[in-house]
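Enquirer: Dumping the structure here so I can ask a few things about it.
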Amino acid sequence: MDGVILVVEDMPGVRRVVTMQLEAAGHRVVAAGSVAEGIEVALDEPRAIAALVADLALPDGDGTALAQRVREIRPELRAVLYISGHPEARLGDAAELPPGHRLLAKPFRAHELLASLAEALRDADGRSTR
């Protein structure tokens, strides 16, 4: 995958584990702990941002608004993977997510994270070829 993955998660332990799991799979990762930090990273990162992995509930906003803002700043963003401990309360029907967006409920294992991200990227790639 060309580009980096931006991980935005307010819980430092979860952010660290997600970052380590993605890096162990060979991905380049940049991380932030809030919507504001995520936007700052999106503005400052010199490499393309291929994917966003974001918690739905962040202390200064939500993952869906963050994804929209990052896409405005970085139109090369291909895929978004939302992670949440309470996905049904935050997002409603996951089937209504736009192409290239996926939802993964916490807790999850590394293989589930990687599979969900791969699905979001495949879905985004399919969308771009239509």
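The values are calculated or read from the model by the stated rules, or taken from the named source; none is laboratory data. Bear in mind that the values here come from a model prediction, so they are computed numbers and not experimental data. Ideal geometry is used to build each Cβ from the backbone, glycine not excepted, and the neighbour counts take in all protein chains shown. Calculation scope for accessible area: heavy atoms of the full protein, side chains included, ligands and nucleic acids excluded. Shrake-Rupley method; radii C 1.70, N 1.55, O 1.52, S 1.80 Å.
Enquirer: Please give me the summed charge of the neighbours of Leu22: other residues whose Cβ is under 12 Å from its Cβ, Lys and Arg +1, Asp and Glu -1.
Expert: With Lys, Arg at +1 and Asp, Glu at -1, the neighbours total +1.
Enquirer: Amide H neighbours of Ala57 under 5 Å, counting only residues 5+ apart in sequence or on other chains, H built in-plane at 1.01 Å?
Expert: Gly63
Enquirer: Rounded to the nearest 500, what is the 222 nm mean residue ellipticity of the chain from helices alone, with -39500 (n - 2.57) per DSSP H run of 4+ residues and division by all residues? Mind showing how you got there, number by number?
Expert: Values: 5 runs with 58 residues, N = 130.
The per-residue figure over the chain is -13500 deg cm²/dmol.
Enquirer: Which three semi-axes in whole Å describe the equivalent ellipsoid of the stretch 1-57, each the square root of 5 times a Cα gyration tensor eigenvalue, listed largest first? Kindly include the intermediate steps, with their values, before the conclusion.
Expert: Numbers: eigenvalues 52, 45, 12 Å².
They are 16, 15, 8 Å, listed from largest to smallest.
Enquirer: Still on this structure, I have one more. Could you pull out every residue, at least 5 positions away or on a different chain, whose amide H is within less than 5 Å of the one on Glu45? Hs are placed 1.01 Å off N in the peptide plane, and Pro or chain starts have none.
Expert: Excluding prolines and chain starts, which carry no amide H, there are no hits.
Enquirer: If you restrict to DSSP beta bridges whose two residues both lie in the chain, what percentage is antiparallel, to the nearest 5? Present the calculation step by step, with values, prior to reporting the outcome.
Expert: On the way: 2 of 21 bridges.
Taking every DSSP beta bridge within the chain, about 10 percent pair in antiparallel fashion.
Enquirer: Using each residue's phi in the stretch 26-31, evaluate 6.51 cos²θ - 1.76 cosθ + 1.60 at θ = phi - 60° and report the 3J(HN,Hα) Karplus result to the nearest Hz, with x for Gly and Pro.
Expert: My calculation for the stretch 26-31 gives x, 7, 8, 10, 10, 9 Hz in order.
Enquirer: Sticking with this structure for a sec: Could you state the accessible area per residue of the chain in Å², with a 1.4 Å probe and every protein chain left in place?
Expert: On the way: 6580 Å² over 130 residues.
The answer is 51 Å² per residue.
Enquirer: His101's amide H: which non-local residues (gap 5+, or another chain) put their own amide H closer than 5 Å, with H modeled 1.01 Å from N in plane and none for Pro or chain starts?
Expert: Here the answer is Val80, since their amide H atoms fall under 5 Å of that of His101.
Enquirer: Still on this model: Could you check how much of the accessible area of the chain is carbon and sulfur, as a whole percent, using a 1.4 Å probe?
Expert: Details: 3400 of 6580 Å².
Taking all protein chains in place, the chain shows 52 percent carbon and sulfur surface.
Enquirer: Describe numerically, in nm with one decimal, the distance between label points set 7 Å from Cα along Cα→Cβ at Asp2 and at Gln68.
Expert: 2.9 nm
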